[in-house]
Structures are given as structure tokens and as C-alpha cells.
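Here's the structure, in C-alpha cells; my notes come after.
The values are calculated or read from the model by the stated rules, or taken from the named source; none is laboratory data. Since this is a predicted model, take the numbers as computed values, not measurements. FYI the Cβ positions are ideal-geometry reconstructions off the backbone, even for glycines, and counts take in every protein chain you see.
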Amino acid sequence: MIQSRITSKAQTTIPAPVRKALGLREGDLVTYRIEEGQVVISRAEPIDDPFVTFTEWDSPEDTEGYANL
């Protein structure tokens, strides 16, 4: 079993064997999924277009309004 400690700021270091297994490097993103009382950590796939996550600004009016920026 691999363990790490939580700091007073709720931070932890991902242990080297986990980083190696997931191919993680500095600056990489990770995702956390809660399943049946356990947390599954995965390497996040890079997002080509970071604005794809802003669905609240994805109306036809927004597209027209921001088209020439």
C-alpha cells in the first residue's frame, strides 16, 4: 500500500510510484473520481480548447457577439 500525508492546507504529494505508473510530470493535470467510497486518480487528458468547458457562454448570441474578438 502506498500512502501520503495531508497537510494543514489539505495538500498532498503524489508518491513517486504513482506518478511513474500514471506517467505524470510537473504541470500535468489529474482527475479524481469517487466510486463506492473510494477515490480513483487518473491522468487527465489535455484539453485542446480550454474554452470548451465554458458551456454557459455557448449560445448563438454569444458566438455572434464574440466572433470578431
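Has the stretch 30-37 got any residue that is among the polar types (S, T, N, Q) and in a strand (DSSP E or B)?
Yes.
Kindly indicate the residue of the stretch 44-64 that is surrounded by 10 or more Cβ atoms within 10 Å (Cβ to Cβ) and at pLDDT below 85 and also nearest to P15 (Cα to Cα) among those meeting that condition.
That would be I47.
Can you confirm whether I41 is surrounded by 10 or more Cβ atoms within 10 Å (Cβ to Cβ) and in a loop (DSSP other than H, G, I, E, B)?
For I41, the condition - surrounded by 10 or more Cβ atoms within 10 Å (Cβ to Cβ) and in a loop (DSSP other than H, G, I, E, B) - is not met.
What pairs come out if I take residues in the stretch 34-53 that are farther than 21 Å from K20 by Cβ and of a type in the set (A, V, I, L, M, F, W, C) and pair them with residues that are assigned to a loop (DSSP other than H, G, I, E, B) and at pLDDT 90 or above whose C-beta lies under 6 Å away, six or more apart or interchain?
none
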